[in-house]
Amino acid sequence: MSSDTMIERVESWACSIPLAKPLSFGNFTVSQRGYAAVRITTRGGLVADCLGHTRRSPVDVAITDLLAPQLVGRDAFEMGARLADIRRAVLAIEADGVIGRARSLVEICLWDLKAQALGLPVWKLLGGYARDIRVALVEGYEIEGESHGDIAQRLIGRTEQGYDFFKMEAAHYGAPEPIRRILSEVRQAAPKAEFTCDLAWSWQTAREGLRSAHLWEDLGIAWIEDPMPRTRLSEIAFLRQNSRVPIGVGDETTRTRDLEQLMVHEAIDVVRIDATTVGGFGPALRLAADATARGFRVSYHVNPEVHRHCVFADDASDHIEIFPADRPFDCSHMLIENAAYFDIRNARLSPPKAPGTGLKLNDEALARYAYRHGTHRE
């Protein structure tokens, strides 16, 4: 055991960045983006950073107060032992939800530290191989003051940059016709364009949703995303059985069992996975391998600075989802030094070469946007 690999300090930040204009998702409105940032430092000077969405939940507190005492003064490279320490620390409380998000960010940092020490990017440490991957651009959110035609023209402009896969926010419309008008116009200009329609858990019943699914089935929709909460297994299964448009579920899941049950009951077509919520790289890749073996499509939920390592670790997913940094939809790029969006070339992303994850927090941005900062040290 080298003293250089002993964890010296764990820091966390709770950050809130206001959006220029609120985004409506049908059942709820987002006026600010909340993030938890974490940094783990070893005695030898290795530093691992990570960032995840929180929905304003106290993920940072769970990291500093609950998980950090199990890490500080212990060897970062004994990953199995550290994760076992964390499991023991949460035996008396639920290990998902806020705790699941917190342990996910910690697990990612531990992989980052190990990869840095070996001089490898995480995707290569995980056994991956280099290639270019298609970007699924989260461009289809409404900007205040736009008409449906304006949104369509914005998407068409992106097709001229080489993009052919887009995520649409469809929940706030409350009816399927606006999405049909927008996508019909885009498909006329770019017949091969594909889309996902994010419903943000807004459909009340599967029967209600089938009207939308039937109206959209000729529009090149790769899947309808998160139409209702993932625990409504029978409703989601009914929707999948009666819809010609594939169904994808899983954004921000913290319990692997929820996704496993959806697969076992063949209630979905696409398994959505988020390593920053479901436990880190290990659980995310195990879910992806299980999904692939069962014949499901795999898609990772935003956080591309993390998920590019999952995508390049194996061939489970054929795309990577990225928010554009030149739109007012998400703000994570403001908190880090090297957003994946700026690495896109011709609508495709290549694997990073830097050791570790390559994700580095921007200290000035943290100082500006953090409303809470905690440190646990030796």
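At-a-glance table
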| quantity | calculated |
| --- | --- |
| Counted residues, region 302-359 - those being more than 16 Å from the chain's Cα centre (by Cα), part of a loop (DSSP other than H, G, I, E, B) and under 25 Å from residue 198 (Cα atoms) | 7 |
| Selected residue [open to solvent by 10 Å² or more (accessible area, probe 1.4 Å), closer than 30 Å to residue 104 by Cβ and either among the acidic types (Asp, Glu) or in contact with a Ser or Thr (Cβ under 8 Å, 6 or more places away or on another chain) (or both)] from 235, 217 | 235 |
| Residue pairs meeting the criteria (Cβ under 7 Å; at least 6 apart or on separate chains; first over 18 Å from residue 122 (Cβ atoms) and open to solvent by less than 10 Å² (accessible area, probe 1.4 Å), in region 292-317; second among the basic types (Lys, Arg) and modelled with pLDDT of 95 or more) | 299/272 |
| Of all residues making up region 152-208, the number that are among the basic types (Lys, Arg) and over 17 Å from residue 322 (Cα atoms) | 5 |
| Cross-chain or 6+ apart pairs with Cβ under 7 Å, region 176-187 first and free of Cβ contacts under 8 Å to residues at least 60 places away in the same chain, then exposed (fewer than 15 other Cβ atoms within 10 Å of the Cβ) and part of a helix (DSSP H, G or I) | 176/211; 185/149 |
| Any pair with Cβ under 6 angstrom, 6 or more apart, that starts in region 318-344 at a residue that is surrounded by fewer than 16 Cβ atoms within 10 Å (Cβ to Cβ) and ends at one that is among the polar types (S, T, N, Q) | 337/362 |
| Which listed residue, of 288, 367, is modelled with pLDDT of 95 or more, more than 20 Å from residue 46 (Cα to Cα) and either touching a helix residue (DSSP H, G or I) at 6+ places or on another chain (Cβ under 9 Å) or surrounded by 22 or more Cβ atoms within 10 Å (Cβ to Cβ) (or both) | 288 |
| Sole exception among (1) in contact (Cβ under 8 Å) with a residue 12 or more places away in the chain; (2) farther than 17 Å from residue 348 by Cα; (3) touching a Lys or Arg at 6+ places or on another chain (Cβ under 8 Å); (4) not aliphatic (A, V, I, L, M) for residue 146, by number | (1) |
| Given (1) open to solvent by 50 Å² or more (accessible area, probe 1.4 Å); (2) closer than 27 Å to residue 267 by Cβ; (3) modelled with pLDDT of 95 or more, index of the condition residue 174 fails | (3) |
| Unique match (being among the basic types (Lys, Arg) and on the phi > 0 side of the Ramachandran plot) among 56, 87, 39, 101 | 56 |
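Results for (1) among the aliphatic types (A, V, I, L, M); (2) touching a helix residue (DSSP H, G or I) at 6+ places or on another chain (Cβ under 7 Å); (3) assigned to a loop (DSSP other than H, G, I, E, B); (4) surrounded by 20 or more Cβ atoms within 10 Å (Cβ to Cβ), shown as yes or no for each residue.
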residue	(1), (2), (3), (4)
100	no, yes, no, yes
124	no, no, no, yes
136	yes, no, no, yes
145	no, no, yes, no
151	yes, yes, no, yes
156	yes, yes, no, no
162	no, no, yes, no
166	no, yes, no, yes
196	no, no, no, yes
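The values are calculated or read from the model by the stated rules, or taken from the named source; none is laboratory data. A quick note: this is a predicted structure, and the numbers were derived from the prediction, not measured. Don't worry about glycine lacking a Cβ; one is built from the backbone with ideal geometry, like all the others, and counts go over all protein chains shown. The area values use the complete protein model at the heavy-atom level, side chains included, leaving out ligands, DNA and RNA. Shrake-Rupley method; radii C 1.70, N 1.55, O 1.52, S 1.80 Å.
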